[in-house]
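Here the structure comes first, spelled out in structure tokens, and everything after it is commentary.
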Amino acid sequence: MNEENVNTTLILGAGPAGMAAAMELHTAGTRVHVIEKDTQVGGLAKTLTFKEDVGVFRTDIGPHRFYSKNPYLYKFIENLLQEKWQKVPRLTRFFIGGTFYHYPIRLGDVLKKIGLWNACRILWDYLCERTRKYVHPRTVHSFEDYVVSTFGRTLAEFNMLNYTEKIWGIPCNQISIDWAVQRIGNLSVVATIKKMFIKRGGPKSLVDTFYYPSEGTGLIYEAIKEKLLTGNQQLSLESEPVTIEHVNGAVTQVTIRTPQGAKLIRPAYVVNSIPLTRCIQLFSPTPPEHVIRAAQSLRFRSQVYLFLTVNKPSITTDNWIYFPDKDIPFGRISEMRNFSSHMCPNGMTSLFVEFFCFKGDTIWNASKEELFEMSIDTFEKIHFFTRQDVLNIHLLKKEHVYPIYDLHYAKHVQTVLEWTDSFSNFYTIGRPGRFRYTNQDHSLEMGIHAAACILNKQKWQDTFGKEDEYLEQGHIPETTTNETSTPPQKDRGPVATSSGSGRRDSDR
Ligand SMILES: Cc1cc2nc3c(=O)[nH]c(=O)nc-3n(C[C@H](O)[C@H](O)[C@H](O)COP(=O)(O)OP(=O)(O)OC[C@H]3O[C@@H](n4cnc5c(N)ncnc54)[C@H](O)[C@@H]3O)c2cc1C
């Protein structure tokens, strides 16, 4: 077996968290070795390229809108991408019962479309819940309890419960309240109504625009890869850890399977960003029984995707659209051309279609033709495109997409993390690595923080992705490359400041 015995930080997983850690450690002049099982870097935030007869199509794995209030992150990315880091106007909607509604919700839009009777029902339910809070408060155990007691049942059923069940594949009364607190925060109906009457204009908020790399979100991680390789750092693709050996609370050696054979590495530090559930299985000696049992109780929700290349200049003006209705098999679509015109050849567009599933179920096992047949009627009915417009169908699958926040997940995660965090030279970070529903910004922050812990011999502070504020209400820190990218073909018109919610919505 090949042996590597240098003062290296071994980084497991080349998603945003792992790549941010690698970049910071590289910039500080230390050695890193990144191990990634995929053929490319970027994890869930990679960008795929498809070369077809008509030209090159690119897609992310679903819509990737970057947002953060942390100026360090904007600088971090701007240094990597310069003018390829562009501001993009945002338009997102949801489609319920045959009607498109703006998202975040614009109250005027909803009231106009749902009609007086439904509007009165929403108001009545909401007032009943408000009164109940003072007279006989509900006991709030689950996501369902939380949204019903906050918004009333009619509004909760309108656009929250259906979609949430579609994502998670379990009933909303089995989903942890943490999910509601993290995603909905202190959003209130009163605040939403107030915003309707506040004068529009002023600085752009995180609702109106977002930053996006001109050739897909994966460009950030490809740029880090280039820096690492030109700096003679090591990156092993199509490779994975097989065992993580430890003695007296420190990792001593890690065996890696690479296309060239097994390799033994004795790293100074290990930064893990592969799924916590997998990483726990690699430790030798094995973790205590209660830690193994806790890890076995954690589950990830998976996704399969269709990427359709389409012989049409445009399908929608939206970045993405949610489809909460249960009779529609997919949950969200995105049109990558509306993120950047570099994502498609001229005169062509594409559609990325997301299905939620568990590994091994009917959707997971369906062929691309079967998934296409399940979906094409909806696309034709809403006049997106016809089957004749579709050039090619590509099928993708991802197993570890959503850490499932069921009613008991928090205590299991705590048990596992208490054990992994007790190692003196091992950091577990990122969305799969901490079993925490984070977006790119928090994964990047975790990677940057892990690097700081290593460089400054600091203790890990576990605060990332835990805040319950409305991030969309803030303003984007200005960078020097804040040109708004040219809107693709159609004139998309002014994108008004939404009077709707401020929840973190992209990845759900
Ligand atoms: C549909 C969708 C939409 C999203 N929308 C947004 C958005 O709008 N904005 C936003 O900021 N974020 C969004 N996200 C979330 C974003 O993609 C993730 O937060 C981010 O990629 C997490 O980074 P990470 O490094 O923590 O984990 P990951 O990206 O999951 O990276 C983990 C890496 O570890 C590798 N790995 C796994 N197992 C092994 C193994 N055994 N050996 C070696 N390597 C392994 C994986 O291949 C992967 O590269 C979205 C995600 C999805 C799926």
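Residues checked against (1) in contact with a strand residue (DSSP E or B) (Cβ under 9 Å, 6 or more places away or on another chain); (2) among the polar types (S, T, N, Q); (3) surrounded by fewer than 16 Cβ atoms within 10 Å (Cβ to Cβ):
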site	(1), (2), (3)
Phe355	yes, no, no
Ala366	yes, no, no
Lys381	no, no, yes
His394	yes, no, no
Tyr402	yes, no, no
Thr415	no, yes, no
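The test for being more than 13 Å from the ligand (Cβ to nearest atom), under 29 Å from Glu144 (Cα atoms) and open to solvent by 40 Å² or more (accessible area, probe 1.4 Å) holds for Lys411. Apart from one condition, Thr378 fits all of (1) part of a loop (DSSP other than H, G, I, E, B); (2) away from the ligand (no atom under 15 Å from the Cβ); the exception is (1).
The C-beta contact set for the range 77-89 (first residue on the phi > 0 side of the Ramachandran plot, second residue not acidic (Asp, Glu), distance under 9 angstrom, 6+ apart or interchain) comprises Gln82/Thr480; Gln82/Thr481. Return the residues of the range 338-350 that are buried (at least 24 other Cβ atoms within 10 Å of the Cβ) and either within 16 Å of the ligand (Cβ to nearest atom) or part of a loop (DSSP other than H, G, I, E, B) (or both); say none if nothing qualifies. Correct list: Asn338, Phe339, Met343, Cys344, Ser350.
Scan the range 29-38 and tell me whether some residue there is outside the structural domain of Asn338 (by TED's automatic domain parsing) and free of Cβ contacts under 8 Å to residues at least 60 places away in the same chain. Yes, some residue in the range 29-38 is outside the structural domain of Asn338 (by TED's automatic domain parsing) and free of Cβ contacts under 8 Å to residues at least 60 places away in the same chain. Could you list all residues from the range 444-478 that are modelled with pLDDT under 90, surrounded by 17 or more Cβ atoms within 10 Å (Cβ to Cβ) and in contact with a Pro (Cβ under 8 Å, 6 or more places away or on another chain)? Hit for the range 444-478 is Glu472, nothing else.
Rundown of residues vs (1) within 14 Å of the ligand (Cβ to nearest atom); (2) open to solvent by 20 Å² or more (accessible area, probe 1.4 Å); (3) acidic (Asp, Glu), yes/no style:
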| position | (1), (2), (3) |
| --- | --- |
| Ile244 | yes, no, no |
| Thr252 | no, yes, no |
| Leu276 | yes, no, no |
| Ile280 | yes, no, no |
| His290 | no, yes, no |
| Ser297 | no, yes, no |
| Leu306 | yes, no, no |
| Thr316 | no, no, no |
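What number goes with the only condition from (1) within 15 Å of the ligand (Cβ to nearest atom); (2) within 30 Å of Phe57 (Cβ to Cβ); (3) surrounded by fewer than 19 Cβ atoms within 10 Å (Cβ to Cβ); (4) not aromatic (Phe, Trp, Tyr) that Glu226 does not pass? That leaves (1) as the condition not met. Restricting attention to the range 417-441, the residues being open to solvent by 20 Å² or more (accessible area, probe 1.4 Å) and aromatic (Phe, Trp, Tyr) number 2. Considering only residues in the range 52-69 that are more than 15 Å from the chain's Cα centre (by Cα) and modelled with pLDDT of 95 or more, the one that is surrounded by the fewest Cβ atoms within 10 Å (Cβ to Cβ) turns out to be Asp53. The residue list Lys326, Lys359 contains one member that is without any contact (Cβ under 8 Å) to a residue 60 or more places away in the chain and open to solvent by 10 Å² or more (accessible area, probe 1.4 Å), which is Lys359.
Given (1) open to solvent by 10 Å² or more (accessible area, probe 1.4 Å); (2) closer than 14 Å to Lys227 by Cβ, where does Ala20 come up short, assuming only one miss? Result: Ala20 passes all but (1).
Considered as a group, the residues in the range 33-51 that are farther than 16 Å from Glu226 by Cα and open to solvent by 30 Å² or more (accessible area, probe 1.4 Å) include one that is farthest from the ligand (Cβ to nearest atom), and that residue is Lys51. Is it true that Thr30 is at pLDDT 95 or above, surrounded by fewer than 22 Cβ atoms within 10 Å (Cβ to Cβ), touching a strand residue (DSSP E or B) at 6+ places or on another chain (Cβ under 8 Å) and at negative phi? So Thr30 passes the test.
Per-residue answers, yes or no, for (1) hydroxyl-bearing (Ser, Thr, Tyr); (2) over 16 Å from the mean Cα position of the chain (by Cα):
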{"site": "Met348", "(1), (2)": "no, yes"}
{"site": "Trp364", "(1), (2)": "no, yes"}
{"site": "Met374", "(1), (2)": "no, yes"}
{"site": "Leu391", "(1), (2)": "no, yes"}
{"site": "Lys397", "(1), (2)": "no, no"}
{"site": "Tyr409", "(1), (2)": "yes, yes"}
{"site": "Asn425", "(1), (2)": "no, yes"}
{"site": "Arg431", "(1), (2)": "no, no"}
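Counted as qualifying within the range 7-126 are the strands (runs of 3 or more DSSP E) with 1 or more residues that are over 30 Å from Tyr305 (Cα atoms) and of a type outside the set (D, E, K, R), namely 8-12, 31-35.
The values are calculated or read from the model by the stated rules, or taken from the named source; none is laboratory data. Owing to the predicted nature of the structure, the values given are computational and were not obtained by experimental measurement. Please note: Cβ atoms are built from the backbone with ideal geometry, for glycine as well, and neighbour counts cover all protein chains shown. Just the protein is used for accessible areas: all its heavy atoms, side chains included, with ligands, DNA and RNA removed. Shrake-Rupley method; radii C 1.70, N 1.55, O 1.52, S 1.80 Å.
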